[in-house]
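Here is the structure we will look at, set down as structure tokens.
The values are calculated or read from the model by the stated rules, or taken from the named source; none is laboratory data. Keep in mind it's a predicted model, so treat the numbers as computed, not measured. As a convention, Cβ positions derive from the backbone with ideal geometry for all residues, glycine included, and neighbour counts pool all protein chains shown. The protein model used for the area step is the full one, side chains on, heavy atoms only, and it has no ligands, DNA or RNA in it. Shrake-Rupley method; radii C 1.70, N 1.55, O 1.52, S 1.80 Å.
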Amino acid sequence: VSRAQVQQEPWAETTEGTAISINCSHPKISTLDYIHWYRRFPGRGTEHLVMGLKVAQEVRSLPGRLLVAADRRWSALWLSRPRLGDAALYLCAL
């Protein structure tokens, strides 16, 4: 069984209130794979933010959107107005 792999940049930063796009590459994604985004705060559990297949999705727990390329080989979690409290480890998965 082959497993799809994702790649993310190890670091991204912005200032409070300035939009940021956190990118994820998944070149071997299969047709039925959902794209999931999570965030993890130090010392706390992992929070599921959003999942999608093809189209852009709103992220309900924070102001932002999941963006997915037409060929689905990459996605981005776009945070429109990040706050200091949004500083966390953001992870994508298939």
Quiz item: Is it true that some residue in the range 16-34 is under 17 Å from Q5 (Cα atoms), over 10 Å from the mean Cα position of the chain (by Cα), among the basic types (K, R) and open to solvent by less than 90 Å² (accessible area, probe 1.4 Å)?
Solution: no
Quiz item: (1) among the small types (G, A, S); (2) without any contact (Cβ under 8 Å) to a residue 40 or more places away in the chain; (3) surrounded by 17 or more Cβ atoms within 10 Å (Cβ to Cβ): which one isn't true of S61, the others all being true?
Solution: (3)
Quiz prompt | Tally, over the range 13-41, of residues that are in contact (Cβ under 8 Å) with a residue 24 or more places away in the chain and within 29 Å of L84 (Cβ to Cβ) | solution = 18
